[in-house]
1. Among the residues in region 106-114, are any touching a residue at least 60 places away in the same chain (Cβ under 8 Å) and part of a strand (DSSP E or B)?
2. Quick one: how many residues across region 4-60 are touching a strand residue (DSSP E or B) at 6+ places or on another chain (Cβ under 6 Å) and closer than 20 Å to residue 104 by Cβ?
3. Being more than 16 Å from the chain's Cα centre (by Cα), modelled with pLDDT of 95 or more and surrounded by fewer than 20 Cβ atoms within 10 Å (Cβ to Cβ): is that true of residue 231 here?
4. For region 187-209, give me the residue count where each residue is modelled with pLDDT of 95 or more and surrounded by 17 or more Cβ atoms within 10 Å (Cβ to Cβ).
5. Within region 235-259, which residues are in a loop (DSSP other than H, G, I, E, B), under 19 Å from residue 185 (Cβ atoms) and modelled with pLDDT of 50 or more?
6. Mind checking which residues of region 148-161 are surrounded by fewer than 23 Cβ atoms within 10 Å (Cβ to Cβ) and assigned to a helix (DSSP H, G or I)?
7. From the list 2, 81, pick out the single residue that is in contact (Cβ under 8 Å) with a residue 40 or more places away in the chain and either surrounded by fewer than 21 Cβ atoms within 10 Å (Cβ to Cβ) or not in a helix (DSSP H, G or I) (or both).
8. Which pairs have Cβ atoms under 6 Å, sit 6 or more apart or on different chains, and link a residue in region 230-259 that is under 12 Å from residue 132 (Cβ atoms) to one that is outside any loop (DSSP other than H, G, I, E, B) and modelled with pLDDT under 50?
């Protein structure tokens with residue numbers, strides 16, 4: 001069974017108890033991965049991780065400290081995997097709910113060749129319309145997305161995926177889930193599981209990223225966001241066919257090069 005970590009800030013004891021209650025009954029080896037509290041990082045560490053200049057080019061507003069800490073925590077999960085001997089790692093945030101088939105799906109993912117994919121998202125939208133699909137379990141399918149969904153609440157990470165994220169996303173300028181949607185920038189091979197086996201728990205309503213109400217968007221931010229969404233749609237439509245499933249003789253991302 002694949003190893004599992006859940007990201008949890010030291011101050012979020014109730015969320016830690018929630019995750020332990022979810023994972024303890026399952027046949028999985030799991031561990032808590034301490035989340036990054038951005039304000040506790042020194043100036044050099046912050047500069048190494050986050051670029052305001054990159055943010056101004058890539059996103060419609062500056063990131064909050066919570067978003068920066070969240071991204072840094074997911075990069076810490078990449079480092080955790082590469083420091084281990086495991087071929088892949090399951091990464092969960094601490095405000096999730098798990099489907100009863102979670103362990104069964106992890107068992108099926110463990111049988112996939114880890115050199116043919118980088119990230120497998122365990123969250124997917126209801127009514128997901130995949131680009132391509134293949135059977136994973138009796139009830140679940142492994143898919144390529146037409147549009148990779150937001151949310152970084154649960155995914156399986158391969159060693160190649162961890163290296164790509166660390167190499168391409170330090171420093172970062174967008175939230176982590178948005179950067180994964182721009183998979184072509186770092187040559188990420190992103191797959192998904194349908195139906196989802198990771199969803200949001202009621203605890204997610206109280207965000208550990210914002211710690212209060214989100215600020216209202218200005219008109220300039222709304223316009224910038226719309227322009228970025230249009231740019232994303234065009235680029236995603238161009239690059240989308242490059243994603244491929246690991247089975248059935250499908251080509252890898254590197255095999256498909258546009259003229």
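The values are calculated or read from the model by the stated rules, or taken from the named source; none is laboratory data. These numbers were taken from a predicted model, which means no experiment stands behind them. Reconstructed Cβ throughout: ideal geometry from the backbone, glycine too, with neighbour counts over all protein chains shown.
1. no
2. 8
3. Considered against the rule, which asks whether it is more than 16 Å from the chain's Cα centre (by Cα), modelled with pLDDT of 95 or more and surrounded by fewer than 20 Cβ atoms within 10 Å (Cβ to Cβ), residue 231 comes out as yes.
4. Qualifying residue count for the region: 11.
5. Listed by number, the residues that qualify are 243, 244.
6. Once the filter is applied, which keeps residues that are surrounded by fewer than 23 Cβ atoms within 10 Å (Cβ to Cβ) and assigned to a helix (DSSP H, G or I), region 148-161 yields 159, 160.
7. Only one candidate passes the filter, namely 2.
8. If the second residue must be outside any loop (DSSP other than H, G, I, E, B) and modelled with pLDDT under 50, the pairs left are 242/253.
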